[in-house]
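K.L.:
Quick one: the structure is below, and I'll ask about it shortly.
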Amino acid sequence: MKRNNSMTRLPDEAPIVVGEKGYSCDSPPAARPGSASSASARKQGGLLTLPIDTASSQQSSGYTPGNTPTRSGSKKSGSTTPSSGNMMRLPDEPASAVPTLQAPEATTTASGGGGGGMQRIRDRLSKNLSVATPVKPPEQQKSKMEKIFRTLKPGESINNTYIFEEEIYSGGCKGRVLVAKRKTDGQEVVVKIRAKQANRANERNWRTIMAQMHGISTSDNVLGFSEIVEGENEFYVIMPKCNGGELFEFLANETEVPEAECKRIIREILGAVGHLHKNNIIHRDIKPENIMFDLDLMVESSPKTVKLIDFDTCQEWTPQTPKSRRFVGTPGYIAPEALMGQQSPQSDLWSVGVILYILMTGEMPWSSLVSLEDGLVGSPSATQMYRALKAEILEWEQEPWPDFPLARDLCQKLLAFELDDRMKDCEEALSHAWLKE
């Protein structure tokens with residue numbers, strides 16, 4: 001089908017707040033992990049020299065918003081500038097202890113007394129009867145965390161293990177994202193450098209989510225990570241390198257996307273999101289910039305496999321999860337209820353619905369967007385965005401929708417404003433007739 005193809009990134013906007021404490025960001029990324037393009041890379045002799053800004057490493061980091069596509073404009077591209085030096089050197093990091101989860105001894109004690117002259121029974125019941133509750137030994141929990149978080153030893157540097165070659169992104173609270181080679185086998189990887197946060201609760205939450213993601217990222221459509229190296233002031237998240245670019249680039253460059261390709265992409269996105277939801281995790285920032293394509297460069301006709309990335313915004317979720325005072329997401333993709341502090345798996349489905357709309361039409365569904373720098377539930381900007389989404393009337397009778405009634409039906413059910421009208425989960429969406437064709 002033909003698309004209007006008006007995708008572009010907004011210039012240097014800080015549209016959202018990161019984490020529950022509301023750290024604001026700026027400077028949008030020029031490319032994402034695995035992207036073929038990169039910005040501000042400084043090379044000489046095939047290696048990269050990058051001066052380390054120790055002040056910026058103290059800043060909180062986690063999630064940096066990508067810019068939101070608008071109805072008109074053009075996509076910005078990164079540039080490469082030279083720099084002096086022979087290779088990139090990151091500072092030597094003294095080791096710091098890795099926090100471990102200590103499981104308390106769990107014992108249930110029952111005691112009681114007899115009555116009615118039953119002295120022998122009373123004597124027996126007066127003794128403490130202990131029933132041991134099985135718990136995972138602290139050593140096992142520590143071992144699991146150590147497999148995920150490897151702490152640099154005194155005098156050890158990340159440069160001992162990896163050679164950094166290209167900078168994909170640098171700036172804002174996103175930190176830095178670089179391409180590197182592992183010295184042991186020459187494998188090319190992507191390294192996301194994340195500064196430690198001053199807020200210990202946020203840091204613990206991030207560690208917990210990363211540990212969970214390491215355990216569940218066996219889905220073909222979720223980009224996992226091999227390890228997280230912990231330095232004194234920063235974490236180094238080591239990930240596979242995707243070779244197919246990001247979905248945003250695909251949407252910006254393609255003028256005609258076959259219906260079958262739209263179906264395949266949406267199926268794989270729903271598969272990845274559903275994989276998180278089955279493990280009681282919501283992503284909270286699903287958008288084209290957080291979806292990569294991976295392909296086998298050795299196979300000429302290798303398909304582009306969807307890979308969902310960037311889990312810094314993820315959160316554990318159950319039906320009992322309380323309403324939040326702050327929201328996380330990107331304008332244009334964030335669900336209306338999230339602006340009111342009620343994010344859930346259905347909020348992720350709303351974001352998938354926005355992506356489906358863009359795939360089919362080449363345009364964002366919304367006529368206007370509101371900047372959401374504060375990230376505070378109930379703030380004037382959040383309320384304005386909520387009301388705008390509620391008042392929006394989408395033109396479902398305009399091209400290309402009349403020619404694709406089943407795709408329209410799915411998109412309408414994903415973008416239903418009221419939760420009762422929206423699809424409940426990814427399984428329901430995947431069972432829709434359009435995706436079953």
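Values in this text are rule-based calculations from the coordinates and carry no lab data. What you are looking at is a predicted structure, and each value in this text was computed from that prediction instead of being measured. Cβ coordinates were reconstructed from backbone atoms using ideal geometry, including for glycine residues, and neighbour counts include every protein chain displayed.
K.L.:
Could you pull out the residue among Ile238, Ile309 that is in contact with a helix residue (DSSP H, G or I) (Cβ under 6 Å, 6 or more places away or on another chain) and closer than 30 Å to Lys153 by Cβ?
P.N.:
Answer to the selection: Ile309.
K.L.:
Of all residues in the range 356-389 being in contact with a Leu (Cβ under 9 Å, 6 or more places away or on another chain), of a type outside the set (Gly, Ala, Ser) and in a loop (DSSP other than H, G, I, E, B), which is surrounded by the most Cβ atoms within 10 Å (Cβ to Cβ)?
P.N.:
Ranking the qualifying residues of the range 356-389, first place goes to Leu372.
K.L.:
Inspect all residues belonging to the range 164-172 and state whether any of them is under 30 Å from Arg267 (Cβ atoms) and either assigned to a loop (DSSP other than H, G, I, E, B) or within 14 Å of the chain's Cα centre (by Cα) (or both).
P.N.:
No - not one qualifying residue is present in the range 164-172.
K.L.:
A follow-up question, please. Tell me yes or no: at least one residue of the range 208-228 is at negative phi, in a loop (DSSP other than H, G, I, E, B), polar (S, T, N, Q) and in contact with a helix residue (DSSP H, G or I) (Cβ under 7 Å, 6 or more places away or on another chain).
P.N.:
Yes, there is a match, as at least one residue in the range 208-228 is at negative phi, in a loop (DSSP other than H, G, I, E, B), polar (S, T, N, Q) and in contact with a helix residue (DSSP H, G or I) (Cβ under 7 Å, 6 or more places away or on another chain).
K.L.:
Being assigned to a loop (DSSP other than H, G, I, E, B), over 12 Å from Arg284 (Cβ atoms) and touching an Asp or Glu at 6+ places or on another chain (Cβ under 8 Å) is the filter here, so list the residues in the range 298-314 that pass it.
P.N.:
Ser302, Lys304
K.L.:
Go through the range 316-342 and count every residue that is touching a Gly at 6+ places or on another chain (Cβ under 8 Å) and closer than 16 Å to Lys287 by Cβ.
P.N.:
5
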